[in-house]
Structures are given as structure tokens and as C-alpha cells.
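For reference, the structure is listed below as C-alpha cells.
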Amino acid sequence: MLVGILALQGDFFEHANVIELINKDYRFIKKEEDLSDIEAIILPGGESTAMKIIQKNQNLFFHIQTLINNNIPTLGTCAGAILLSSNMNDENNTNFNILNVSTERNAYGRQNQSFEARVSIDSLPKEKYCFIRAPKFMHIGDNVEVIADLEKEPVGVRQDNIVAFTFHPELNPSPIYMNWLSEFLEKGK
């Protein structure tokens, strides 16, 4: 399996390390040509606005959106969740508009207010994950399933072939997370 990892900015190397640990191949995506033959895609954490600016004069996001619309398994973490969201609480921000949620950037506060918390993904045992300038899901729309929560607040959602987390599971990848990720990438759900 070939997993494409958006590599414009952010923690794409950490995702690549996890992909290697689960014995899958990856390719960093920086331009449209990098999308050929990928079977799954990861949109990493980082700075969503910077990612948008970097690719502004390309059609990269358009081509990624086309792949997602064609049911390629897609994982977005933190900034990746923002990019996938259909509604932002920031009228100047444009994104993929593909996941039926609204998000608020940096909803937990500034960098020094980042934290770790124990979260369960898909009812698996709880693991400790990092929330770094994390967004919040402000509204969960139709056909979106909450698959992870933090004290009853949604921090992970699934809609068809798309999963989005407001946290960073790639920063401390447990065997539980890696098994979940491998299955998700293989099946897309």
C-alpha cells in the first residue's frame, strides 16, 4: 500500500515514521505529480493557513479533494482536520469543504496551553495523545460519527472514508493506534 502524506509544512515526518512502523510505503506530497498511485492520504498537523498559502498557485488541493471524493481513505490530524472541515469559524479561511463539521482553530488556547490527554479511538483502550494548539469541532453534521471524545467533547470523527482528529496520534504512536491506523488505511472505514 502506498500512503501519500501532505508535506507542505507540519509534522509529516512523524506520520512517515508511523507508516514505516506499520510496514506500509509512503510518498511525500508536495505537488500534483506526487499523487499518482497513492491508495490513502494523510493530512498532517501543522499550520493550516501556511499550507494553504504554500500551495496557493498550484492545483494541489483540488486534486487531493478529487481523490478524497473518490473514496480514498483519508486521515487528517489537527491542521488536517481543519483543512477537511466544511465550515470554519473564520470567514477568510478556505479549505476542502468535504467533512460535514465546523471547526475552530486554536480553540484550546495558545502554544503554551497545549496538553496531553487520554483518549479512546473507536472504543479501543485509552491512550495518551497530544493536543497542540488544537482545533475543536464546534458542530457535527449529518452522516458524521464521533469516534473519539475528551470528556464528552468530540475530538475524532468519521464520515465515510474520512477520519479527522483534533489531536496528534502520530507523536506517540502506541501499538493500539498503529493497529487501528493500519486497518483504517486498508479498509477506509
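The values are calculated or read from the model by the stated rules, or taken from the named source; none is laboratory data. Note that the structure is a prediction, hence the values are computed from the model and not measured. No Cβ is skipped: glycine too gets one built from the backbone with ideal geometry, and neighbour counts run over all protein chains shown.
Considering only residues of the range 98-122 that are of a type in the set (A, V, I, L, M) and either under 16 Å from the mean Cα position of the chain (by Cα) or at pLDDT 75 or above (or both), which is surrounded by the fewest Cβ atoms within 10 Å (Cβ to Cβ)?
Initial filter on the range 98-122 (of a type in the set (A, V, I, L, M)): 98-99, 101, 107, 117, 119, 121.
Adding the requirement that they be either under 16 Å from the mean Cα position of the chain (by Cα) or at pLDDT 75 or above (or both) leaves 98-99, 101, 117, 119, 121.
Details: I98: 19, L99: 30, V101: 24, A117: 15, V119: 21, I121: 23.
The extreme case among them is A117.
Kindly provide the set of residues from the range 165-188 that are among the aromatic types (F, W, Y) and under 14 Å from K126 (Cα atoms), ordered by number.
Restricting attention to the range 165-188, the residues satisfying the condition of being among the aromatic types (F, W, Y) are 165, 167, 177, 180, 184.
The answer is F167, Y177, W180.
Residues that are of a type in the set (K, R) and touching a helix residue (DSSP H, G or I) at 6+ places or on another chain (Cβ under 6 Å) within the range 145-189 are absent altogether. Counting only strands (runs of 3 or more DSSP E) wholly contained in the range 138-185, the ones carrying 1 or more residues that are over 13 Å from the mean Cα position of the chain (by Cα) and either more than 21 Å from N17 (Cβ to Cβ) or among the acidic types (D, E) (or both) occupy 145-150, 153-159. Look at the range 117-130: where a residue is closer than 14 Å to L181 by Cβ and among the aliphatic types (A, V, I, L, M) and a partner is in a strand (DSSP E or B) and modelled with pLDDT of 90 or more, sitting 6+ places away or on another chain with Cβ atoms under 9 Å, you get I121/E127; I121/Y129; I121/I147; I121/A148; I121/G156; I121/V163; I121/F165. Among the residues of the range 79-97, the one identified as at pLDDT 90 or above and not in a helix (DSSP H, G or I) is S85. Considered as a group, the residues in the range 33-59 that are of a type outside the set (A, V, I, L, M) and loosely packed, with under 15 Cβ neighbours inside 10 Å include one that is modelled with the lowest pLDDT, and that residue is N57.
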